[in-house]
Amino acid sequence: MVVSSGTIDSLLKEKEQYPPSAAFRKAAVLRSDSFRVDAAKDPEAFWARMAKELAWMAPWSKVLEWDPPFAKWFVGGKLNMSANCLDRHLAGPRRNKAAIIWEGEPGERRVLTYHDLWREVNLFANVLKGLGVKRGDRVTIYMPMIPELPVALLACARIGAVHSVIFGGFSARAIRDRAEDAESRLIVTADGGYRRGAVLPLKKIVDEAIADLDVVRHVVVFKRAGVEVSMREGRDHWWHELMAKADADCEPEAMDATDPLFILYTSGTTGKPKGIQHSTGGYLVGVATTTKYVFDLKDEDLFWCTADIGWVTGHSYIVYGPLANGASVFMYEGAPDWPEPDRFWRMIEEYDITILYTAPTAIRAFMRWGDEYPRRHDLSSLRLLGTVGEPINPEAWRWYRKTIGGGRCPIVDTWWQTETGMILITPLPGVTTTKPGSATRPFPGIDAEVVDEKGLPVPMNKGGYLVIRKPWPSMLQTLYKDPERYKQVYWSQVPGKYFTGDGARMDEDQFFWLMGRIDDVINVAGHRIGTMEVESALVSYRKVAEAAVVGKPHPVKGQSLVAYVVLKKGEGRSDELKKELQKHVREAIGAIAVPDDVYITEKLPKTRSGKIMRRVIRSLVSGQEIGDTTTLEDPGAVDEVRKWLAEVEAHPE
């Protein structure tokens, strides 16, 4: 059978269902689906109602101005992001509530109340002004996960500067490319940051990046690690020295809702990174609303999103969404396995963290390290779990629920992107019956669909392209300085609809099942197979911790499947194991999905946010150029893949 190029064969079928418990539902922020029904009737009225929960300096005249593919939300409205996250909480009991509770990798602890954070932000906003930063100027931020990172973001927002955060681990080349494209006048960094017991030399990397980059006039350096750094006269400034001289009162700038708040660069397959530009008003409405309802947020919660603020997840669900809701946020600087693989669970126990939001990649790493580590600790403070970053395979979902959540915590498996700004597909924990591996249904006010290459809906349980049919408040405004590329990348494949680049299917309950990137769909003998489903089958085998599946050219099938597998701790590799895995996939989803080649490896190429870089593996397997690897966490993982390819060439079967 030849399958249409616009559909994807969906092979996995998951039957288990988990309704919210009666106790959770009774206390939930949302307890019925009427919220979703109301939003579907009139999305603009729904978002306007959500927007009224924020503090506005001037009302909007129009909720949405839609000139496809460009959207303007809350036109005419004025507000300030920093004031919404800080000032409006100071008049009541939240003034002395913990805004940020932080632990450094070496073990230091700090607590900033809302008043403390407000004061620090005011001081640094005036520091930026004193260095000549004005409304609309771009500021690049390259820092470790310390409280000064959200301080810098909120200070930029307070004066109307556009921030561009770069993950504190990217290379000098990545910093240079991004700072040059954004034309940043100023970079905020630190002398260093801790990661697995070592100090990352952040200031040294910045010096290398901007050695001959004239656009950068100033570098502000926070003294984090106490390591010796070079300070150039006139350009480089110590954070603490500038803060000691700054005024502690900075009036928040009245920003148009449609003004840009930040640029966040994502690496492309080739060429320069894409600068995703987000607005102020629409973005804030989206992240504040989803934080409240997706995470069932209560005033007494301690919310921990384990992402880095260098990624959009950290922007939306460490800084802006939680602080706009007056939440207490937990931040941690270092690695989850330092000094031992129980670091996360120790902190959850010690701080009584109630909400944990982390990535499937991290969950699979925890599984690989073994159940002994979470069992050392009392995790009963947790009441809600979340996942983000990529589709979670059912086996990891069940482990997360049972081992970390004690079988009592709902899981919100969320789908969204840097471009979407906010969560778009997710369970509502007091309402939705969940299924392991499904992101379930669109958030209220979001109109999602699965279509073929002509833009037509595909049949139930048939895979296709995930698209969003109507604009939403936190959508990207454009690509910075490149509106034509914005139109081409996101709006040309399926005219009139936002093209996510992800494959998905909808089941009989209208639940969405994400199937990975369209780029990761492989055509095997006429069947279009999503690699995520094959990876999920492999990871469900008792000895497997992680898997990456790619396609390589095949003279008969067109493409064949190649699997790279990382085993759980203590498991040994063997030729027999490869046959066991092939048999397991055959039994789980069918003969068409059985990988021709299975390689057992120590590690997989990943980004610093933990996503497996299948593109890199695919390029190596196919003998193509690898392309941009600035986001790779460990270049040695590429050598692992090369090693296995070389062995196969030397000893073909």
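What to note about this one:
- Among beta bridges that DSSP assigns inside the range 308-432, antiparallel share in %, nearest 5: 10
- For the range 299-423, alpha-carbon Rg over 2.2 N^0.38 Å: 0.99
- Residue order for Glu350, Glu300, Glu120, fewest other beta carbons within 10 angstrom first, comes to Glu300, Glu350, Glu120.
- Alpha-carbon centroids, the range 231-301 and the range 99-132: separation in whole Å: 14
- Take the Kirkwood radius over Cα pairs of the range 536-583, plug it into Stokes-Einstein at 20 °C and 1.002 mPa s, and you get 183 µm²/s for translational diffusion.
- In terms of overall dimensions, the C-alpha atoms belonging to the range 353-410 reach 27, 22, 16 Å along their principal axes, ordered largest to smallest.
- Value of Rg to Rh for the range 487-606, rounded to two decimals, is 1.03; Kirkwood radius and Rg both from alpha-carbon coordinates.
- Shape box of the range 325-373 [Cα atoms, principal axes, largest first, Å]: 36, 21, 18
- Whole-number D in µm² s⁻¹ for the range 22-504, Kirkwood Cα-pair radius fed into Stokes-Einstein, 25 °C, 0.890 mPa s: 107
- Relative intensity, log₁₀ I(q)/I(0), of the range 1-159 from a Debye sum that treats every alpha carbon as a point, q = 0.08, 0.16, 0.18 Å⁻¹: -0.46, -1.13, -1.18
- Kirkwood hydrodynamic radius (C-alpha pairs) into Stokes-Einstein, the range 390-506, 25 °C and 0.890 mPa s, D in µm²/s: 158
- Around the Cα centre of the range 22-504, unit charges on the Cβ atoms of Lys, Arg, Asp and Glu (plus for the first two, minus for the last two) sum to a dipole of about 920 debye.
- Simple spin-label estimate for Ala23 and Lys223 in nanometres, 7 Å along Cα-Cβ: 5.0
- Value of [θ]222 nm, deg cm²/dmol, for the chain, DSSP H segments ≥ 4, -39500 (n - 2.57) each, nearest 500: -8000 deg cm²/dmol
- Among 23-32, 359-368, 449-458, 283-292, the order from most to least packed when residues are scored by Cβ within 10 Å on average: 283-292, 359-368, 449-458, 23-32
- Beta bridge orientation in the chain: antiparallel %, DSSP, nearest 5: 60
- Using the Cβ-Cβ distance between Glu208 and Arg110 with R0 set to 30 Å, the FRET efficiency from 1/(1 + (r/R0)^6) comes to roughly 0.50.
- Per-selection Kirkwood Rh - the range 58-112 (Cα, Å, 1 d.p.): 14.6
- Here the extension length gained between Trp491 and Ala198 equals 101.1 nm, from 0.36 nm per residue of separation less the Cα-Cα distance.
- The share of Cα pairs per 10 Å bin across the range 189-231, counted from zero up to the longest distance, runs 30, 51, 17, 2 percent.
- Here, the range 141-199 yields an orientationally averaged convex hull projection of 4.2 nm² when only Cα atoms define the hull.
- With q set to 0.31, 0.32 Å⁻¹, the log10 of I(q)/I(0) for the range 399-439, from the Debye formula over equal scatterers at the Cα positions, is -1.06, -1.08.
- Look at the alpha carbon pairs under 8 Å that are at least 6 residues apart: their mean separation over the length of the range 22-504 gives a relative contact order of 16 percent.
- Most tightly packed first, judged by the mean number of other beta-carbon atoms within 10 Å of their residues, the peptides 181-192, 377-388 read 181-192, 377-388.
- Spin-label model, Asn461/Lys134: points 7 Å from Cα along the beta carbon direction are separated by 6.3 nm.
- Counting other Cβ atoms within 10 Å as a rough exposure proxy, the listed residues Ser474, Ser34, Ser619 run Ser34, Ser619, Ser474 from fewest neighbours to most.
We did not get these values from a lab; they are worked out from the coordinates using the rules stated. Please read these numbers as outputs of a predicted model, since none were measured by experiment. Glycine also receives a Cβ, built like all others from the backbone with ideal geometry; neighbour counts cover every protein chain displayed.
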